[in-house]
Amino acid sequence: MKNFALLFVAFIFTFPALTFGQNEIVIGKTDSIESKILGENRKIMIYVPNEGPNSIFAKKKYPVVYLLDGDAHFTSVVGLIERFSVNNITPEMIVVAIPNTNRTRDLTPSKAEPNPPMVTQDRSEQSGGGKNFLAFIEKELMPYIDKTYPTEPYKMLIGHSFGGLFVMDALLEKPELFNSYISIDPSMWWDDKKLLASYKNTNLKDDKYKNKSLYLGIANTLEKGMDTVSVRQEKGPTVDHINSIFETRDLLKSELNNQILFRSKYYGNDTHNSAPLITTYDGMRFIFGFYQFNIDFGDIMDDDTDIVNEMKIHYAKVSKTLGYDNKPDESLLNRMGYQLMGMEKMDLANEFFQMNIAYYPKSFNVYDSLGDYYLAIENKNKAIESFEKALAIKENPDSRKKLDQLKSN
C-alpha cells in the first residue's frame, strides 16, 4: 500500500508495539501455566510483536527471549527489543517474562550453608532449587510457549543477580536449551563459589558449547576507596561478589579456544541495580552484531548498485546463524520501494517490490504495492494484474478502488 517517506534517512519508522484500547495502553499480556515440577501455578508475562488478528504480519514467527525476574524487567526489555527490531538491529522477538514466587529457591543452583550476612539461615533453608526450576523451563514452560505462541527455535536467556547466576548455571549444565545468554552482575559468590569451581573443571571446548553466545555485565559494587585492581587483593563478603565475577570473566577470557562467543564489560558508572538496562542493551548489540544490514546513500544512488543481491546474501547468512529462515521485514522492503519511487529510481524500486513478493508471496500487500509501481510507470495492464492478485489473496478496499478505477477508464 502507498506509504511515501519524506526523507531518505527515514527508511525505518517507529511503529510502537502498543495496543491502544479504551483508556489503556497495552504492551503485552499475562498468561499462566500449572507446573507439576514446581507444584504451583506460575504466572508469565508475554509480549508478541505485531499481535492482533488484523495485523498483516500476524502469521510471522519469532525467536524467544526468556526473562528472569520478569516483573522487574519486562517493560524495559520489551522496549529495547521493540526499538532495536524496528531499526533492524535485532530480529523481532517474543518476550516470556517469568515473575518470581520464591526467588532464592528457584534461582540458586545449589543449597548453601548459612553464612551471614549474605546467606541467612532463612535464605539457606530456601535455597537450591535452581535445577528444578530449569527443569520447569525445559519440560513445561518451553513446550507450552512453543505450542501456544508463534515461535522460532532460537532462544535467549537473560537474568540479573541471582538470575545471572541461574543463567551461568543453565549455560554450563544445559547449553542446548538456549542459543544466547545475558548474565547481569551474577551472584557467582553463591555457595562458596561452587558454580565458578564447576566452570574451572569443565571442558569449555566441548562441542556442546559451540555457537553459544554469552555477554557478561559487571556492575560497580566496589567499596569506597577501592578500584578494580586493589579489590582483587581483598577478601570477605563485601568484595566476594565483584571478585567472583572478575574470576569468571578471566576464566572465560583465558579459554582462548573455547566454543563460547564471549564478551564482558565492567560498568564503572552503574550499580548492581542500575546495571540491567545498559547490560541488556550492550548484550543484545553484541549477540546480534551480525544481524543489521546497513544501506548507505551511495548504495542507492549508484547506477550499478547490487544492493538487492547483497541484501539477499546477507539474510541467507543470518538465517544460517539463527537456525531458521530469516528475511528482511516486509514493511521495510515496502517502504524502500516507495522511497525509491519518490526519488525516481524506478528500476531499483521495482527490484525491492519484486524481492518483497519473492519473500512474502502470500501477502496481498506486496502485490498492491507492485500495482502502485506499475501505476507510476503507466503500465495499466500490469497494474490491473497486480491489484487482481492482491484481491485474490485478500479483499481490501484500497486495491478494489484502484482496480475499479483502472477498469472504468
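Before moving on, here are some points about what is shown:
- Calculated Cα Rg over 2.2 N^0.38 Å (choose from [x] 1.16; [y] 0.99; [z] 1.93), label: [x]
- Computed extension length for Asn132-Ser76: 17.4 nm, one decimal, from 0.36 nm per residue of separation with the Cα-Cα distance subtracted.
- Cβ-placed point charges (K, R +1; D, E -1), dipole of the range 19-287 about Cα centre in debye, nearest 20: 580
- Relative to the longest principal axis of the Cα atoms of the chain, the long axis of helix 237-254 lies at roughly 60 degrees.
- Lysine pair count for the range 174-247 [Cα-Cα under 30 Å; pairs on different chains or 8 or more apart]: 24
- Cross-link reach list, lysines versus Lys29, counting only Cα pairs under 24 Å and skipping chain neighbours closer than eight places: Lys43, Lys59, Lys60, Lys61, Lys139, Lys147, Lys155
- Taking the DSSP bridge list for the chain and keeping only pairs wholly inside it, about 35 percent are antiparallel.
- Gain in span if fully extended, Lys59 to Glu388, counting 0.36 nm per residue against the direct Cα distance: 116.2 nm
- Near Leu333: Cβ cut-off under 13 Å, other residues only, Lys/Arg at +1 and Asp/Glu at -1. The net charge is 0.
- Within a straight-line Cα-Cα reach of under 23 Å, Lys382 can be paired with the following lysines, leaving aside sequence neighbours fewer than 8 residues apart in one chain: Lys2, Lys345, Lys362, Lys394, Lys401, Lys402, Lys407.
- Separation between Cα centres of the range 336-409 and the range 134-179, rounded to whole Å: 43
Only the coordinates and a few stated rules stand behind these numbers; no lab work does. Keep in mind it's a predicted model, so treat the numbers as computed, not measured. Ideal geometry is used to build each Cβ from the backbone, glycine not excepted, and the neighbour counts take in all protein chains shown.
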